[in-house]
Amino acid sequence: MEYRRLGSTGLKISRLGLGCGNFGGIGSAPAFFGMGETEEQARELMDRAFDAGINFFDTANAYGGGRSEAWIGKWLHAKGSAVRQQLLLSSKVFNPVGPGPNDRGLSRRHILQQVDESLARLQTDRLDMYLIHEPDPETPLEETLTALDDLVRAGKVLYVGASNIEAWRLARGLWISDVRRLVRFDWVQNSYSLLDRAPERELFPLCLDQGVGFTAFSPLAGGWLTGKYRSAQAYPEGSRMTLRPEPYRHLERDEIFRGLAALSDDARERGIEMTALALAWVLHHPRVDAAIIGPRSVAHLEATRAASKIDLSQADRERLGTLFREIVEC
């Protein structure tokens with residue numbers, strides 16, 4: 001496994017991070033709790049990922065209604081301190097965790113309460129990496145950054161980042177941190193794939209200028225870049241397009257299916273899986289420090305691991321990018 005510094009920090013992360021969003025449910029939506037991996041399946045995935053050299057696990061307080069963090073904590077407790085010292089834990093805060101008006105968001109109260117609950121579930125004294133899961137327009141950014149700064153000073157969190165954040169809001173947050181001498185966002189974790197290239201417009205140039213790292217989530221576009229979705233064919237039962245299709249409806253176009261077919265042909269000519277080629281395309285962008293993978297099985301994990309061994313030239317990357325030119329131009 002290859003490792004890379006996270007932005008301008010001294011922290012070295014594996015090029016692949018294990019996404020644990022399906023442990024005990026599918027993401028943060030209560031409607032899908034209990035529909036993800038079982039605890040036994042989660043343990044097997046964590047075992048194989050750690051043995052493969054993946055050194056950071058990505059979760060959130062709301063994933064599976066807290067089951068994701070709890071299962072990671074039980075796994076870590078069984079593995080012992082030697083494994084904990086090698087593993088980087090990354091969690092998030094923002095999404096609702098209860099019915100009350102203060103059970104969500106990025107207020108000081110919510111952050112300070114939720115970090116302690118995450119630490120308890122994970123059975124650890126610190127979060128190596130902590131992300132705001134989404135921006136919170138209802139809470140001043142100064143309040144959020146001050147709370148995160150306090151967590152770092154208390155040793156509960158080592159590095160902070162922002163997920164699903166726009167370039168303008170990241171720039172404002174960095175300015176606030178610099179002016180008020182608060183902890184800065186060390187990295188951004190946003191969606192990035194052949195089918196979602198929005199970070200290339202403003203976010204990547206800003207990250208380069210400010211020394212901010214970037215980890216990509218959904219590098220396979222919710223399964224669209226794995227070959228499971230084909231034109232005029234029914235979607236596989238249990239796939240995202242049968243459970244939560246709304247974020248991907250815009251991809252149901254003939255030109256997208258043609259691009260997917262061409263990507264599949266390219267992978268076949270190389271003797272590799274389409275999944276690995278699409279993921280390698282993400283990893284070969286100089287701004288991407290790591291990609292978060294969410295395998296549903298050990299077989300899926302092995303398919304994604306192959307991506308780190310694929311060598312793409314810049315010309316290869318540009319050519320593959322043209323397969324979905326209309327996505328970039330939208």
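Here are some notes:
- Pairing each residue of the range 47-67 that is over 22 Å from Ile111 (Cα atoms) and touching a residue at least 24 places away in the same chain (Cβ under 8 Å) with any residue that is assigned to a loop (DSSP other than H, G, I, E, B) and open to solvent by 20 Å² or more (accessible area, probe 1.4 Å), provided the two are 6+ apart or on different chains, yields C-beta distances under 6 Å for Gly53/Met1.
- In this structure, Val152 does not qualify as closer than 25 Å to Ile176 by Cα and touching a residue at least 40 places away in the same chain (Cβ under 8 Å).
- Single condition Ala280 does not satisfy, out of (1) hydrophobic (A, V, I, L, M, F, W, C); (2) touching a strand residue (DSSP E or B) at 6+ places or on another chain (Cβ under 9 Å); (3) within 19 Å of Gln189 (Cα to Cα): (2)
- Test for Gly227: is it modelled with pLDDT under 90, farther than 19 Å from Tyr192 by Cα and assigned to a loop (DSSP other than H, G, I, E, B): no
- Boolean, Leu119 is within 29 Å of Tyr3 (Cβ to Cβ) and touching a residue at least 12 places away in the same chain (Cβ under 8 Å): yes
- The residues on offer are Met1, Met35, and the sole one that is open to solvent by 70 Å² or more (accessible area, probe 1.4 Å), under 15 Å from Ile292 (Cβ atoms) and either at pLDDT below 95 or not β-branched (Val, Ile, Thr) (or both) is Met1.
- Among the residues making up the range 68-82, those that are open to solvent by 20 Å² or more (accessible area, probe 1.4 Å) and free of Cβ contacts under 8 Å to residues at least 40 places away in the same chain are Ala78, Lys79, Gly80, Ser81, Ala82.
- Within the range 89-102, the residues that satisfy the criterion of being open to solvent by less than 20 Å² (accessible area, probe 1.4 Å) and of a type outside the set (Phe, Trp, Tyr) are Leu89, Ser90, Ser91, Lys92, Val93.
- Each residue in the range 8-33 was checked for being touching a helix residue (DSSP H, G or I) at 6+ places or on another chain (Cβ under 8 Å), more than 20 Å from Met241 (Cβ to Cβ) and not in a strand (DSSP E or B), and 4 of them qualify.
- Scope the range 267-309; condition within 21 Å of Glu200 (Cβ to Cβ) and either open to solvent by 20 Å² or more (accessible area, probe 1.4 Å) or among the small types (Gly, Ala, Ser) (or both); matching residues: Ala278, Ala280, His284, His285, Pro286, Arg287, Ala290, Ala291, Ala307
The values are calculated or read from the model by the stated rules, or taken from the named source; none is laboratory data. Owing to the predicted nature of the structure, the values given are computational and were not obtained by experimental measurement. Counting neighbours? That spans all protein chains shown, and the Cβs are built from the backbone with ideal geometry, glycine included. Areas reflect the complete protein model, heavy atoms only, side chains present, ligands, DNA and RNA absent. Shrake-Rupley method; radii C 1.70, N 1.55, O 1.52, S 1.80 Å.
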